[in-house]
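Notes follow once the structure below has been shown.
The values are calculated or read from the model by the stated rules, or taken from the named source; none is laboratory data. Note that the coordinates shown come from a computational prediction; the quantities given were computed from them, not determined experimentally. All Cβ positions, even for glycine, are placed from backbone atoms using ideal geometry, and neighbour counts span all protein chains on display. Calculation scope for accessible area: heavy atoms of the full protein, side chains included, ligands and nucleic acids excluded. Shrake-Rupley method; radii C 1.70, N 1.55, O 1.52, S 1.80 Å.
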Amino acid sequence: MNKPALVALLAALAAAPGLHAQEGAAGAPERCAAVPDTVKPPTAPQIRDRNQLRESVARIFREGGHPATGLLYVEVDRQGRKTVEFLGTDPPAQARQRAEREIGRYLQTLPPGRSFNALLRLDGAYPVIAPGKHHCVPELDNPGEFMEARGKVMEGHPMARTAGETRPVQVAVILVVDRTGRVAWAGLAQPTGDAYVDEHATAMVQGLRFLPALLDGVPIDARTRFTFTLRVR
């Protein structure tokens, strides 16, 4: 990345390979800790419902001649906007449509006006993060490649070659990091106020590699918030 390029990576990012997904700056919490008593785990009915949803989608895939593997990611925000993604799997169109209808029926049973998210491995049990267990959050494992990817993307910014003061732009993305540490999905958490950054934010993080989340020492899939700062003219 040449000197006049728009983006200037935070010094903390370049210096600290142990960046946690929750915070894109120095001062992040410890990666691993015991789950505190203040964490409210999902209730037994919630666990049952998620397992039933997982089993229903897996059955639909098998009936369509497709292996019941990969991840199902479902999110609904407070405005009712839905995200439904099948990750690491590509079911036939008919099976996908049946599964989406099944997911839609499930979402209709939820209280209106409340956010919801679920990350389910179709061929695995639902991991319950609860007090007393030992939990590790995802941790960025390739900060140098992240710096390079950001620089390449931001060199295309309309203001990249202009003179003048730079201003910080805070970027927050939601990541699904699978149990191998790969980014399986990325979405912008909220607009930054810069249209170019909003359009390209997910491209900057697609190649990230993480130390995966752990639950009692076992790698698990995780939904996490990843933040970083760009400097824009």
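Structure above, values below:
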{"read-out": "Leu53 under 20 Å from the mean Cα position of the chain (by Cα) and at negative phi", "value": "no"}
{"read-out": "Set Ala58, Ala15: member being within 22 Å of Cys136 (Cα to Cα) and either at pLDDT below 95 or open to solvent by less than 70 Å² (accessible area, probe 1.4 Å) (or both)", "value": "Ala15"}
{"read-out": "Single condition Arg121 does not satisfy, out of (1) over 17 Å from the mean Cα position of the chain (by Cα); (2) closer than 17 Å to Thr224 by Cα", "value": "(1)"}
{"read-out": "Looking only at segment 33-50, and only at residues there that are of a type in the set (A, V, I, L, M) and within 23 Å of the chain's Cα centre (by Cα), the one that is surrounded by the most Cβ atoms within 10 Å (Cβ to Cβ)", "value": "Val35"}
{"read-out": "Number of the condition not met by Arg223 [criteria: (1) open to solvent by 60 Å² or more (accessible area, probe 1.4 Å); (2) more than 15 Å from the chain's Cα centre (by Cα); (3) within 23 Å of Thr83 (Cα to Cα)]", "value": "(2)"}
{"read-out": "Hits in segment 63-83 - residues which are open to solvent by 50 Å² or more (accessible area, probe 1.4 Å), within 18 Å of Arg225 (Cα to Cα) and in contact with a helix residue (DSSP H, G or I) (Cβ under 8 Å, 6 or more places away or on another chain)", "value": "Lys82"}
{"read-out": "Single residue of segment 164-219 satisfying the filter (of a type in the set (Asp, Glu) and loosely packed, with under 15 Cβ neighbours inside 10 Å) that is nearest to Val35 (Cα to Cα)", "value": "Asp216"}
{"read-out": "Strands (runs of 3 or more DSSP E) wholly inside segment 135-233 containing at least 3 residues that are touching a strand residue (DSSP E or B) at 6+ places or on another chain (Cβ under 8 Å) and of a type in the set (Lys, Arg)", "value": "222-232"}
{"read-out": "Subset of segment 79-93 that is under 23 Å from Asp221 (Cβ atoms) and assigned to a loop (DSSP other than H, G, I, E, B) - its residue that is modelled with the lowest pLDDT", "value": "Arg81"}
{"read-out": "Tabulated pairs, segment 53-75, first free of Cβ contacts under 8 Å to residues at least 60 places away in the same chain, second basic (Lys, Arg) and crowded, with 16+ Cβ neighbours inside 10 Å, C-beta under 6 angstrom, 6+ apart or interchain", "value": "Ile60/Arg98"}
{"read-out": "Some residue of segment 178-190 being among the aromatic types (Phe, Trp, Tyr) and modelled with pLDDT of 95 or more", "value": "yes"}
{"read-out": "Pairs with Cβ under 9 Å, 6+ apart, first in segment 106-119 and closer than 9 Å to Val74 by Cα and open to solvent by less than 70 Å² (accessible area, probe 1.4 Å), second of a type in the set (A, V, I, L, M, F, W, C) and modelled with pLDDT under 90", "value": "Phe116/Leu110"}
{"read-out": "The one condition in (1) under 21 Å from Ala186 (Cα atoms); (2) part of a loop (DSSP other than H, G, I, E, B) that Arg96 fails to fulfil", "value": "(2)"}
{"read-out": "Residue within segment 128-135 that is open to solvent by less than 30 Å² (accessible area, probe 1.4 Å), closer than 25 Å to Gln190 by Cα and of a type outside the set (S, T, N, Q) present", "value": "no"}
